[in-house]
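Accompanying notes for the structure given below.
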Amino acid sequence: MSEAKNLFVVDGPLSRHKLAVLRDERTPTTDFRQAMRELALIMVAEATRRMPTRPERIRTPLVETEVEQISGPVCLVPVLRAGLGMLDGALALLPRATVGFMGLRRDEETALPVEYYVNLPRNLEDYLVLVLDPMLATGGSLSATIDKLKEEGAAWISCLHAVAAEPGVERVTREHPDVNFYAAAVDPELDERSFIVPGLGDAGDRLYGTL
């Protein structure tokens, strides 16, 4: 497994249980969707541990005290379409977050990611950005997504994945050492179609019943 300092494996009994549901080929679409949402809750809770905070003076019903709040607005960026499966869970914990979208497809001739839809907030440099992408396979699309976010001004970025493959992890942690990556599991390899093994299949198809 990669020893990159910017990779964090979210490995606890609850995350392992949710991941087991996602991996099981017998899991129906409704249960798969729910497990992905619940795993996103766990992932966001972990990723926000490293968000910068700022002190603020407030008054409780009894006394004035100092508290800490997340230091800036948050932007959630699901990578279409599978990333949408993590969005509701993320919004449950960060209901005031802005939502941007990144859509990429693979060029069959060059095998390179091509943008087909991008909708991001203005002044992205002001936001703490969480990228939602259940499957980190080769790392090509994710690296392109991060490049675009940085191009638009994002300075603080973390990426959340249900499952990551070792080859993709090695690539993105090397190309973006200033970005933190969170995965519920890191699987060892990709097959000839670049599917993660053992993985959980095509997350988008399983989320939306398009098998």
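A144 meets each of the listed conditions (1) over 12 Å from V79 (Cα atoms); (2) surrounded by fewer than 18 Cβ atoms within 10 Å (Cβ to Cβ) apart from (1).
When Y116, Y182 are checked against the criterion of being more than 28 Å from T27 (Cα to Cα) and part of a strand (DSSP E or B), a single residue qualifies: Y116.
Residues considered: P61, P95, P28, P13. Of these, the only one that is loosely packed, with under 14 Cβ neighbours inside 10 Å, within 21 Å of A164 (Cβ to Cβ), of a type outside the set (A, V, I, L, M, F, W, C) and without any contact (Cβ under 8 Å) to a residue 12 or more places away in the chain is P13. Looking only at the stretch 16-25, residues that are of a type outside the set (K, R), in contact (Cβ under 8 Å) with a residue 24 or more places away in the chain and not in a loop (DSSP other than H, G, I, E, B) come to 2 in all. Among the residues of the stretch 185-201, which ones are surrounded by fewer than 14 Cβ atoms within 10 Å (Cβ to Cβ) and either in a loop (DSSP other than H, G, I, E, B) or of a type in the set (D, E) (or both)? P188, E189, D191, E192, R193, P198 - these are the residues of the stretch 185-201 that are surrounded by fewer than 14 Cβ atoms within 10 Å (Cβ to Cβ) and either in a loop (DSSP other than H, G, I, E, B) or of a type in the set (D, E) (or both). Taking the conditions exactly as written (at pLDDT 95 or above and out of contact with any His (no Cβ under 8 Å at 6 or more places or on another chain)), does V114 satisfy them or not? So V114 fails the test. Checked against (1) in contact (Cβ under 8 Å) with a residue 12 or more places away in the chain; (2) more than 26 Å from K18 (Cα to Cα); (3) in contact with a strand residue (DSSP E or B) (Cβ under 9 Å, 6 or more places away or on another chain), G153 meets all criteria but (3). Restricting G89, G83 to residues that are within 21 Å of L128 (Cβ to Cβ) and touching a Pro at 6+ places or on another chain (Cβ under 9 Å) narrows the list to G83. Residues satisfying the criterion are absent from the stretch 33-53 (criterion: of a type in the set (G, A, S) and not in a helix (DSSP H, G or I)).
Note on the stretch 152-172: among residues that are of a type outside the set (A, V, I, L, M, F, W, C) and surrounded by 20 or more Cβ atoms within 10 Å (Cβ to Cβ), the one that is nearest to L41 (Cα to Cα) is H161. Candidates are the residues of the stretch 56-77 that are assigned to a strand (DSSP E or B) and either of a type in the set (S, T, Y) or more than 27 Å from the chain's Cα centre (by Cα) (or both); the one that is nearest to E25 (Cα to Cα) is V67. Being in contact with a helix residue (DSSP H, G or I) (Cβ under 7 Å, 6 or more places away or on another chain), at positive phi and either surrounded by 11 or more Cβ atoms within 10 Å (Cβ to Cβ) or not acidic (D, E) (or both) is the requirement here; does G139 meet it? Criteria met by G139.
Among what's in the stretch 162-211 and is of a type in the set (S, T, Y) and touching a Phe, Trp or Tyr at 6+ places or on another chain (Cβ under 8 Å), pick the residue that is farthest from L84 (Cα to Cα). Checked the stretch 162-211; the qualifying residue farthest from L84 (Cα to Cα) is T173.
The values are calculated or read from the model by the stated rules, or taken from the named source; none is laboratory data. Fair warning: this is a prediction, and the values are worked out from it, not measured in the lab. Positions of Cβ are backbone-derived with ideal geometry, glycine not excepted, and every protein chain shown enters the neighbour counts.
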